[in-house]
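Notes for the one structure printed next.
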Amino acid sequence: MGERPAQLREQAAAMVRHVGSEVLHAPAQRAAVRAALGHTPGEPRTFGAYREIGAFLPEKPRFAEERAFLAVAAMMCAQPASNRQQDITAARGSDAEPGEDDGEADTEAAASLGASCATAVRDKRIAEKTVESRLHLLCRVDADGAHRQLPRLVHHLRGVGVPIDWAALIDDLARWDHSRQRIAARWMRDFYRDKNQTRKPDENTPEDPS
């Protein structure tokens, strides 16, 4: 029971590293993956994306898992050009030995989408009312609704430079159908807990949540 989720997270992290290090800086590859945005597995617009993500999918993936990998890879490739470098830098840093810190973008990555939304509010990058209403709406919908609404929220967050833990987002999307309430509760807890927290001026490295 616990083996598949752990393996899924590992494969998700590996795909995120691949997209960051090999796809985001390559226009043709990036366009092929971006074309999958808003489409479901097996639709013609997704075919090019499989060239990049196919090797990282679980063996005999469930539909929700495959859809999550496609969606997140496409969102990574659709983000504003000025923010792609953040993920490229993070991917390079992830090749270092575990525990090594290689770049602010990697260390700032949020643990959940709720925490990313909190960062946007706390740093005054997006109005709290805007983020809160979008997050509330997203947490109410089913998987189809989440896949429709999520790209807009992610694009908004990345447009102002808010980091997103892409691998965690894959994991959440893959389990949305049967664990939506649990995931939504975690996103809400993270948002309301973190949005008013202040960072000390001399604090360069966030505390280890473990």
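Look at where the Cα atoms of segment 133-169 and of segment 182-197 average out, and the two centres are 14 Å apart. Under the criterion of Cα pairs below 8 Å and six or more residues apart, the relative contact order for segment 1-68 equals 32 percent. In units of the rule-of-thumb radius 2.2 N^0.38 Å, segment 1-69 shows an alpha carbon radius of gyration of 1.11.
Within the accessible surface of segment 1-80, defined with a 1.4 Å probe on protein heavy atoms only, the carbon and sulfur portion equals 54 percent. Listed by chain and number, the lysines whose alpha-carbon sits under 17 Å from that of LYS195, ignoring those within fewer than 8 places in the same chain, are LYS124, LYS129.
The values are calculated or read from the model by the stated rules, or taken from the named source; none is laboratory data. Please read these numbers as outputs of a predicted model, since none were measured by experiment. Quick note on the areas: whole protein, heavy atoms, side chains included, nothing else; ligands and nucleic acids left out. Shrake-Rupley method; radii C 1.70, N 1.55, O 1.52, S 1.80 Å.
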